[in-house]
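First up is the structure itself, then whatever we jot down about it.
The values are calculated or read from the model by the stated rules, or taken from the named source; none is laboratory data. Values in this document were obtained by computation on a predicted structure and should not be read as measured data. Note: accessible area is taken over every heavy atom of the protein model, side chains too, but ligands, DNA and RNA are not part of it. Shrake-Rupley method; radii C 1.70, N 1.55, O 1.52, S 1.80 Å.
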Amino acid sequence: MLNYLYVALGSAAGGLARVLAGVWLQDRLGRVMPHSGAKPFPIGTLLVNVTGSFLIGVLIVVLARRATNATTLHSLLVLGFCGGYTTFSTFSADTMALLESGARPLAAMNIVASVVLALLATLAGAALGRTLLPVRF
């Protein structure tokens, strides 16, 4: 039952971090990204999802190799924080908004970039975790 509390606490922190980082990144980088009329490319959401994917890759490896309380930390950091920080629903809403505004090329770019970069970031994070914490026999 306590693990549910850890998930909830991590989710709250991750959700707040997502909003703050996404808005900040969109404000800073949105001006230089392609636009379709008034609808900018959702660079804030993309970068939050990529950085969250990288972090989850690192955490999965680090927790599996070193954490004595892996279940608690997995609930807090992977399920909670990363689950609250990354946002497939915002990605979907941003893509739908681009489609609705007629910006099909930007919508396609968002889909491809989000899926490919998030997967590559997860793989890179896992590789970093393996490098930092090699398996000991």
- Task: May I ask you to derive the relative contact order of the chain, considering only C-alpha pairs under 8 Å and at least 6 residues apart, and to give it as an integer percent?
- Result: 38 percent
- Expressed as a percent, the portion of alpha-carbon pairs in the stretch 9-137 spaced more than 20 Å apart is 48 percent
- Give the accessible surface of the chain per residue, rounded to a whole number of Å², with probe radius 1.4 Å and ligands, DNA and RNA excluded. 58 Å²
- Note on the structure: Helix-only [θ] at 222 nm, the chain, -39500 (n - 2.57) per DSSP H run of 4+, per residue, nearest 500, equals -24500 deg cm²/dmol
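Got a number for carbon plus sulfur as a percent of the chain's accessible area, 1.4 Å probe? Show your work: numbers first, answer last.
Details: 5690 of 7910 Å².
Ligands and nucleic acids excluded, carbon and sulfur give 72 percent.
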